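A short write-up of the structure that comes next.
Quick note: the coordinates plus some simple rules give every number you see, no bench work behind them. Computed from a prediction, not measured in an experiment: that's the story for all the values here. Here the Cβ positions follow ideal geometry from the backbone for every residue, glycine too, while neighbour counts run over all protein chains shown.
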Amino acid sequence: MLHVTDDITLQDWEMTESFMRASGPGGQNVNKVATAVELRFEAARSPSLPDPVKARLKRLAGRRWTKEGAIIIQCDETRSQARNREIARNRLAELIARALVKPKRRIATKPTYGSVKRRLASKKARADVKALRGKISED
């Protein structure tokens, strides 16, 4: 089980972990021991998450979200399998916690009088510059 917040706890059946050999430094250890972790969380099928949170989670996950609706998190930072598992689970919990925050709705406001005047003045100046670029007529 993974506790994200007081309300949300992910069950073990929702997550699967697979282990593989990591790349990078580590000498012979890298070639012998499967320390890298791939954590797969079935987000779309999860009963723990409400639909709006799933939608935000999909947007936040980006490329880590699969077509089947799962999130895949990989970790091979340390030489310890247990530490890599812990890091991957923490990343998932952090991602879900970010998806729980509902974004504030932007309230449209009226532009200030000064900003309207400045915008129109700059448009007029630009129009004058462009008008001077025209062909000179011979009268």
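Observations, loosely collected:
- Across the chain, Cα-Cα distances exceeding 26 Å account for 51% of all pairs.
- The distance between label points at Val116 and Arg98 comes to 4.0 nm (points 7 Å beyond Cα on the Cα→Cβ vector).
- Counting lysine pairs in the chain whose alpha carbons fall under 27 angstrom apart, excluding pairs fewer than 8 residues apart on the same chain, gives 13.
- Cβ-defined net charge surrounding Arg56, 12 Å radius [Lys, Arg +1; Asp, Glu -1]: +4
- Helix-only mean residue ellipticity at 222 nm for the chain, each DSSP H run of n ≥ 4 adding -39500 (n - 2.57), per residue, nearest 500: -12500 deg cm²/dmol
- Other residues whose C-beta falls under 11 angstrom from the C-beta of Asn29 contribute a net charge of +3, scoring Lys and Arg +1 and Asp and Glu -1.
- The Cβ shell under 9 Å around Leu39 holds other residues with a net charge of +2, Lys and Arg each +1, Asp and Glu each -1.
- For segment 18-117, size of Cβ-based charge dipole, Lys and Arg +1, Asp and Glu -1, in debye: 660
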